[in-house]
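Novice: The structure follows.
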Amino acid sequence: MSSVETLLHVGDAARGKLWAEQLPTLVPDLSVRQWPDIGDPADIRYLAAWTLPPGLIDTLPGLRFAMSIGAGVDQLDVATIPPNLPLLRMTEGTLVDGMVEYVTMAVLMLHRDMPHYLAEQRAGLWSPRRHVAAADRHVGVMGMGMLGGAVLERLAGFGFALSGWSRSPKDMPGVHCHAGMAALPAFLAGLDILICLLPLTPETRGLLAAPVFRTLPAGAALINAGRGGHLIASDLLAALDSGHLSAAILDVTDPEPLPADHPFWHHRRVLLTPHVASRTDPASAARFVAEAIFSDRAGLPLPGRVDRSAGY
Ligand code: NAP
Ligand code: GLV
């Protein structure tokens, strides 16, 4: 019986259709199937998904790697993926460009007091605030990886004072770098705008909570474009309602979407977007998948490989 090397796509049918057309032109002899139409499970070599149907991986004996179709992998429930199966994440450039755009927009909105002016407009009020120069705004990014690093590079062009926080020490020109949990208070202490671009791991889950908010100076604002699980919503609401934090721009929530009665929907100091900060472009993602398959076939290091011990 002949076997056809197959990529199984789990997720958006439009992307699956595009990949079924494009990938075989990029990777000779590859077939693409859309979950749940998996054909012979023994043919599936590659799996690309946003979330995984429980138990699916265990039914695929010939799998060479599993890939997240996003930059993050937490939503795949990483603990259910066999430790020896390579796990990849999408690291193609359109994801980075989208995040840089979104965070730049959010920082500029906060820097120029837009949450305040939007609320004033709705109330029919005309009340200009004192202008603050970018050099006098201190912006800090939690997570200095593919996305956080690119965001810091772009924000430098506006002249903001910049800090970054990561797990391992970094050296980035023009950025005051902090590493490790012990350095978190020093990182937070002088910030006007805190941006979360961390992966969701056991260490980072629930990190955006009262102790972090208390350490930020009065009037600071938050941008969360990491994961909803980073944030303790009740602690943010308390910090906003007390006036200690001035505003929050949230692209991610837990759950997504929020229930209709969640206070974030109508809070005057909260701006919500529906997890759209950055999305993979299906065509460039197809090229990334093709590169991963070529690397696998050639026995080369796989792109976007997740460090299973770190969880990201
Ligand atoms: P990445 O390249 O893996 O970078 C992660 C950064 O976080 C690294 O600098 C890492 O430190 C740091 N970090 C991890 N654990 C930490 C800890 N316990 N303490 C301090 N720093 C820690 O990830 P990325 O590609 O930039 O993506 C980050 C996250 O953004 C994704 O995991 C995903 O959740 C989110 N995301 C959201 C959207 C959206 O549309 N909202 C889109 C894409 C991605 P080291 O450098 O020392 O390893
Ligand atoms: C989106 O949230 C991603 O992880 O790419």
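Novice: Can you tell me which residues in the range 260-312 are polar (S, T, N, Q), surrounded by fewer than 19 Cβ atoms within 10 Å (Cβ to Cβ) and within 16 Å of ligand 2 (Cβ to nearest atom)?
Specialist: Thr273, Ser284
Novice: Ok, one more. Give me the pairs: first residue in the range 70-85 and part of a helix (DSSP H, G or I), second residue more than 16 Å from ligand 1 (Cβ to nearest atom), beta-carbon distance under 6 Å, and six or more apart or on different chains, which are they?
Specialist: Filtered contacts from the range 70-85: Leu76/Leu52.
Novice: Considering only residues that are in a helix (DSSP H, G or I) and under 14 Å from the mean Cα position of the chain (by Cα), which ones fall in the range 86-106?
Specialist: Going through the range 86-106, the residues in a helix (DSSP H, G or I) turn out to be 93-106.
Across the range 86-106, the qualifying residues are Gly93, Thr94, Leu95, Val96, Asp97, Gly98, Met99, Val100, Glu101, Tyr102, Val103.
Novice: Oh, and also: Among residues belonging to the range 68-115 that are among the acidic types (Asp, Glu) and away from ligand 2 (no atom under 11 Å from the Cβ), point out the one that is farthest from Tyr312 (Cα to Cα).
Specialist: Asp113
Novice: Let me ask something additional. Among the residues that make up the range 29-45, is at least one of them at pLDDT 95 or above, under 14 Å from Asp296 (Cβ atoms) and not in a loop (DSSP other than H, G, I, E, B)?
Specialist: There is at least one residue in the range 29-45 that is at pLDDT 95 or above, under 14 Å from Asp296 (Cβ atoms) and not in a loop (DSSP other than H, G, I, E, B).
Novice: Same structure, new question: Collect the residues in the range 37-48 that are surrounded by fewer than 21 Cβ atoms within 10 Å (Cβ to Cβ) and either over 30 Å from the mean Cα position of the chain (by Cα) or within 22 Å of Leu87 (Cβ to Cβ) (or both), keeping them in residue-number order.
Specialist: Residues of the range 37-48 surrounded by fewer than 21 Cβ atoms within 10 Å (Cβ to Cβ): 37-43.
Correct list: Ile38, Gly39, Asp40, Pro41, Ala42, Asp43.
Novice: Among the helices (runs of 4 or more DSSP H) lying completely within the range 107-210, list those that include at least 2 residues that are assigned by TED's automatic domain parsing to the domain that holds Leu250 and surrounded by 21 or more Cβ atoms within 10 Å (Cβ to Cβ).
Specialist: 146-156, 184-189
Novice: Is it the case that Thr51 is over 17 Å from the mean Cα position of the chain (by Cα), surrounded by fewer than 17 Cβ atoms within 10 Å (Cβ to Cβ) and among the hydroxyl-bearing types (Ser, Thr, Tyr)?
Specialist: It is false that Thr51 is over 17 Å from the mean Cα position of the chain (by Cα), surrounded by fewer than 17 Cβ atoms within 10 Å (Cβ to Cβ) and among the hydroxyl-bearing types (Ser, Thr, Tyr).
Novice: Filter the range 57-69 for residues that are more than 16 Å from ligand 1 (Cβ to nearest atom) and part of a loop (DSSP other than H, G, I, E, B) and give the result.
Specialist: If the condition is that a residue be more than 16 Å from ligand 1 (Cβ to nearest atom) and part of a loop (DSSP other than H, G, I, E, B), then Leu60, Pro61, Gly62, Leu63, Arg64 are the ones that fit.
Residue-wise test of (1) assigned by TED's automatic domain parsing to the domain that holds Leu76; (2) more than 19 Å from the chain's Cα centre (by Cα); (3) of a type outside the set (A, V, I, L, M).
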site: Ala225; (1), (2), (3): no, no, no
site: Gly229; (1), (2), (3): no, no, yes
site: Leu236; (1), (2), (3): no, yes, no
site: Ser246; (1), (2), (3): no, yes, yes
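Novice: Looking at (1) within 16 Å of ligand 1 (Cβ to nearest atom); (2) under 30 Å from Leu8 (Cβ atoms); (3) not small (Gly, Ala, Ser), which one does Pro211 not meet, given that it meets all the others?
Specialist: Exception for Pro211: condition (2).
Novice: Among the numbered criteria (1) more than 28 Å from the chain's Cα centre (by Cα); (2) within 18 Å of Asp281 (Cβ to Cβ); (3) not basic (Lys, Arg), which single criterion is violated by Gly16?
Specialist: (1) is the only condition that Gly16 fails.
The values are calculated or read from the model by the stated rules, or taken from the named source; none is laboratory data. Please read all numbers here as calculations on a predicted model, not as lab measurements. With ideal geometry, Cβ positions are generated from the backbone for all residues, glycine too; neighbour counts draw on all protein chains shown.
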